[in-house]
């Protein structure tokens with residue numbers, strides 16, 4: 001079975017070591033010809049690597065958005081009275097597609113992010129972690 005574009009994006013986000021968990025929502029038809037916006041939600045480790053992952057993803061999503069894709073990265077959290085403050089901050093990437101048939105555009109975005117993870121992410125990893133990564137020779 002072929003993965004949906006949102007599942008491909010979620011798997012791409014999982015490539016980052018600091019990502020603790022990922023969930024996603026598919027675009028679903030709603031009444032009056034509208035549909036639920038597809039999304040990927042994830043939590044990051046509270047560490048230098050987590051901060052650098054957020055910085056990298058913020059750059060990547062902004063860059064893809066500047067190129068014309070309607071992508072948005074934002075923080076999310078339940079209200080403090082319903083949770084343990086300091087333990088529930090997560091991030092969401094929403095893909096605001098024009099129609100449910102925009103799956104090829106979403107697949108290309110996931111492919112760009114995978115490519116950038118391979119090409120540019122190693123330069124963002126803290127030095128003490130970089131030495132433990134396999135070399136691509």
Margin query: Using only Cα atoms and rounding to the nearest 10 degrees, what angle (0 to 90) does helix 48-66 make with the longest principal axis of the chain?
Written below: 40 degrees
Next item on the list: Find how many whole Å separate the alpha carbon centroid of region 4-23 from the alpha carbon centroid of region 24-71.
Entry: 10 Å
Next item on the list: For the chain, find the longest principal axis of its Cα atoms and tell me its angle to the long axis of helix 5-14, 0 to 90°, nearest 10.
Entry: 20 degrees
Margin query: Using only the alpha-carbon atoms, how far is helix 103-119 inclined from the longest principal axis of the chain? Give it as 0 to 90 degrees, nearest 10.
Written below: 0 degrees
Check: When the Kirkwood hydrodynamic radius is evaluated over all pairs of different C-alpha atoms of the chain, what value in angstrom, to one decimal, is obtained?
Finding: 16.1 Å
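No lab work stands behind these numbers, since they all come straight from the coordinates. Because the structure is a prediction, the values reported are computed rather than measured.
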